[in-house]
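Student: The structure follows.
The values are calculated or read from the model by the stated rules, or taken from the named source; none is laboratory data. If you're wondering where the values come from, they're calculated on a predicted model, not measured in any experiment. Here the Cβ positions follow ideal geometry from the backbone for every residue, glycine too, while neighbour counts run over all protein chains shown. When the accessible area is computed, the model is the full protein with side chains, heavy atoms only, and any ligands, DNA or RNA have been set aside. Shrake-Rupley method; radii C 1.70, N 1.55, O 1.52, S 1.80 Å.
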Amino acid sequence: MRKTCLDMVYELAKTDDRIVFIGSDLGAGTLSEMQKNMPERFFMEGVSEANIIGMAAGLAMDGFIPYVNTISTFITRRCYEQIAIDLCLHNLPVKLIANGGGLVYAPLGPTHLAIEDIAIMRSLPNMNIVSPSDAEEMIRFMKQSKEIKGPVYIRLAKGGDEIVSNPKNGFKFGESILMKDVGEVLIVSSGITTKEAIYASEELSKEGIKAGVLHMHTIKPFDYKSIIKYSQKVKLIISVEEHIKNNGLGSAIGDVLNDTCYPKMPKLIKLGIPDQFPDKYGTQEELLKYYSLDSKSIYHSVMDFLKSTGLRAA
Amino acid sequence: MQNNISGKLDNRSIYLRHLVIKGLAGGKRGHLGSAFSLIEVLRVLYDKVLNIDPNDPKNINRDRCILSKGHGCLALYSLLADKDFFNISELDRFCHFDGILGGHPEASKIPGVEASTGALGHGLSIGVGLAISAKIQKRNSRIFVIMGDGEINEGSVWEAALSAGKHKLDNLTAIIDYNKLQSYDRTSIVQDLEPLTDKWKSFGFAVEEVNGHDVTELEKLFLNLPLKKSSPSAIILHTIKGKGIKEAEGNPKWHHKSKITESEINKLYSELELNL
């Protein structure tokens, strides 16, 4: 997904001379073709993330569309004020490509695990957030990314992730995609947790349980209309996020349900990382299981709810 | 250099300070000390140096001046009002609920303000981006970024300085208002900046120090930029915080004042006249 996303920056730059790329101190050979063929629009600025955000703001003030790339935690934690003031207050079209969203950097530990990046970005006025499910969806998003007026935080998965998106669904910024039809349950996911949600839904269907999957590729602006619509059809909404439970996808759903306040509301279960820094290493898959974010855990969470409420025999 | 910065002010410098006090009276508050050290450099920039047009403030070919030390905004407002970027009466509504002039400048509200500042250490990076943009587009726009001495405690300033040196941005001029007094106390006590000229030189800048209140000297320097071909310029202004009001000069209590009364305002106006 990362390579696809960066390759798309070069593709877009070939036909639009407003597009520039700014990296921090990325891996050797990153976008080498772009560097070779359009050196005046390729920047590798060193380990100085705060400066990179400000520099991107300056370029954007003059009409350029900068795509900035570095590791997620360094963008969101280190550069918060630059992002808030230089990008969001000025509402500039700078795209932040964040490597290692969620638990991707499992072996590298808490300094590199982006577990609260969405919470940070979601709290900023004018910021937009996207978290595609796979490389093919990333292409569909990137094609329209330069048209988005304000700043965008693009959360990347590890790369080589299974393709679960469907070209028929297309990609409309700000509009979620229903990947599985809704029954008594709706699973809401984003990024690679959509894959886990789809597998969970398929397992549940073997038990005669129809669990819809709503892929929320855009987390801000939030597609509250779909949540309201489906909330009137289901008994349970279960959110699955590779992120702390605070102020991410599940919280966004909770806000919508709370603000809508229809007489009949479904139960909301938030699956996510508890309010703590991860204390294990290993792989992303291992951490997903550890935090009950894999398809089996989703399956069991749904079954437990249905049994505890008497909707299914215990 | 620092011995003669306590010299007299001419009519225009006093008039511009009058406008600052007008804003101060409007908002009953403001960073007087931080504004008064900046008047002469802003005056020289807006009177003689910058290619800008109040009737076409977004012209792509203009020069850009960013007041990175946003708290000195009353000085910038006085120049922008004087140049008719907005009506001078806006100064009376400084910090008012529906005024356009806040305690820190906002680009979306004020014609002639290039970037919203106030959080320190942002302006030079934005200036680097604007300077690179001008180079890519082969425009002659020059970028000026005015920073405070306290402000350059921020690490982000030095990240930006590295970048400016690397890209040989000779269309970028960093201006440091070295009044040697930050909010709490003297810079030499809070966070010593010396050797300041050597620091900027070592980051790839051509550097000059100047009496920041000497209009003739400032003009000489600013009309001959860049200081060196293929290098960004840094100009260190030796200034007096609160310059023009004896009680405020070098007095940290005048970094920012609030709840200013009418009689205090009148006293400020009459003290200004003593400079003539």
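Student: Consider segment A:55-70. How many of its residues are open to solvent by 30 Å² or more (accessible area, probe 1.4 Å) and within 17 Å of B:Ser68 (Cβ to Cβ)? Write out each step before concluding.
Tutor: If we filter segment A:55-70 for residues that are open to solvent by 30 Å² or more (accessible area, probe 1.4 Å), which is where we start, we get A:61, A:63.
Checking which are within 17 Å of B:Ser68 (Cβ to Cβ) leaves us with A:61.
Selection size over segment A:55-70: 1.
Student: Something else: Is one or more of the residues making up segment B:84-100 open to solvent by 10 Å² or more (accessible area, probe 1.4 Å) and within 14 Å of chain A (Cβ to nearest Cβ)?
Tutor: The initial filter retains those residues of segment B:84-100 that are open to solvent by 10 Å² or more (accessible area, probe 1.4 Å), namely B:84-90, B:92-93, B:95-100.
Filter once more, so that each one left must be within 14 Å of chain A (Cβ to nearest Cβ): none.
No, there is no match, as no residue in segment B:84-100 is open to solvent by 10 Å² or more (accessible area, probe 1.4 Å) and within 14 Å of chain A (Cβ to nearest Cβ).
Student: I'd like to check something: does segment A:292-310 contain any residue that is at pLDDT 95 or above and closer than 19 Å to A:Ala119 by Cα?
Tutor: Yes, the conditions are met somewhere in segment A:292-310.
Student: Please work out which residue is nearest to the other protein chains (Cβ to nearest Cβ), limiting yourself to segment B:146-166 and to residues that are aliphatic (A, V, I, L, M) and open to solvent by less than 30 Å² (accessible area, probe 1.4 Å). Even if it seems obvious, please write down each step before you answer.
Tutor: Start the filter on segment B:146-166 by keeping residues that are aliphatic (A, V, I, L, M), which leaves B:146-147, B:152, B:157, B:160-162, B:164.
In the following step, the residues that additionally are open to solvent by less than 30 Å² (accessible area, probe 1.4 Å) were identified as B:146-147, B:152, B:157, B:160-161, B:164.
Working: B:Ile146: 15, B:Met147: 13, B:Ile152: 14, B:Val157: 9, B:Ala160: 5, B:Ala161: 9, B:Ala164: 10 Å.
Per the criteria, the residue is B:Ala160.
Student: Could you list, in sequence order, the residues of segment B:106-163 that are touching a Ser or Thr at 6+ places or on another chain (Cβ under 7 Å), within 15 Å of B:Cys65 (Cβ to Cβ) and free of Cβ contacts under 8 Å to residues at least 40 places away in the same chain?
Tutor: Residues satisfying the conditions are B:Ala107, B:Ala134.
Student: Six or more apart or on different chains, Cβ under 6 Å: which pairs go from a residue in segment A:26-50 that's closer than 25 Å to B:Ser156 by Cβ to one that's of a type in the set (Lys, Arg)? Could you list them?
Tutor: Here the result reads A:Glu49/A:Arg78, each pair linking segment A:26-50 to a residue that is of a type in the set (Lys, Arg).
Student: Related question: Could you tell me how many of the residues in segment A:74-94 are more than 7 Å from chain B (Cβ to nearest Cβ) and touching a Pro at 6+ places or on another chain (Cβ under 9 Å)?
Tutor: Going through segment A:74-94 one residue at a time, the tally reaches 8.
Student: Suppose we filter B:Ser230, B:Ser263, B:Ser188 for residues that are open to solvent by 30 Å² or more (accessible area, probe 1.4 Å), in contact (Cβ under 8 Å) with a residue 24 or more places away in the chain and hydroxyl-bearing (Ser, Thr, Tyr); which single one remains?
Tutor: B:Ser230
Student: Looking at B:Arg62, is it within 14 Å of chain A (Cβ to nearest Cβ) and under 21 Å from B:Leu225 (Cα atoms)?
Tutor: Yes.
Student: Hey, another quick one. For segment A:164-217, how many residues are within 19 Å of A:Lys229 (Cβ to Cβ), of a type in the set (Asp, Glu) and surrounded by 21 or more Cβ atoms within 10 Å (Cβ to Cβ)?
Tutor: 0
Student: Right, something else. Could you grab me the full set of residues in segment A:9-67 that are among the acidic types (Asp, Glu) and within 12 Å of chain B (Cβ to nearest Cβ)?
Tutor: A:Asp17, A:Glu40, A:Glu45, A:Glu49, A:Asp62
Student: Out of B:Leu169, B:Leu181, I need the residue that is more than 14 Å from every other protein chain (Cβ to nearest Cβ) and crowded, with 24+ Cβ neighbours inside 10 Å. Which one?
Tutor: B:Leu181
Student: Residues to consider are B:Ala119, B:Ala75; find the one that is more than 22 Å from A:Ile22 (Cα to Cα) and facing another protein chain (nearest Cβ under 8 Å).
Tutor: Values: B:Ala75 fails: facing another protein chain (nearest Cβ under 8 Å).
Exactly one of B:Ala119, B:Ala75 is more than 22 Å from A:Ile22 (Cα to Cα) and facing another protein chain (nearest Cβ under 8 Å), namely B:Ala119.
Student: Also, I was wondering about something else. Tell me which residues, restricted to segment A:210-250, are in contact with a Lys or Arg (Cβ under 8 Å, 6 or more places away or on another chain) and among the acidic types (Asp, Glu).
Tutor: A:Glu241
Student: Collect the residues in segment B:196-227 that are in contact with a strand residue (DSSP E or B) (Cβ under 7 Å, 6 or more places away or on another chain), over 21 Å from B:His167 (Cβ atoms) and open to solvent by 40 Å² or more (accessible area, probe 1.4 Å), keeping them in residue-number order. Show your work before the answer.
Tutor: Kept after step one, since they are in contact with a strand residue (DSSP E or B) (Cβ under 7 Å, 6 or more places away or on another chain), are these residues of segment B:196-227: B:196-197, B:200-201, B:205-212, B:217-218, B:221, B:225-227.
Adding the requirement that they be over 21 Å from B:His167 (Cβ atoms) leaves B:196-197, B:209-212, B:217-218, B:221.
Scanning segment B:196-227 gives B:Glu209, B:Glu217.
Student: A further question on this structure: What is the residue count in segment A:71-101 for residues that are within 25 Å of A:Lys146 (Cβ to Cβ), in contact (Cβ under 8 Å) with a residue 40 or more places away in the chain and open to solvent by less than 10 Å² (accessible area, probe 1.4 Å)? Give the steps one after another, and end with the answer.
Tutor: Within segment A:71-101, the first condition is being within 25 Å of A:Lys146 (Cβ to Cβ), and the residues that meet it are A:71-72, A:74-76, A:79-80, A:82-101.
In the following step, the residues that additionally are in contact (Cβ under 8 Å) with a residue 40 or more places away in the chain were identified as A:71-72, A:74-76, A:80, A:83-84, A:87-88, A:91-101.
Checking the rest, the ones that are also open to solvent by less than 10 Å² (accessible area, probe 1.4 Å) come to A:72, A:75-76, A:83, A:87-88, A:94-101.
Residues meeting the conditions: 14.
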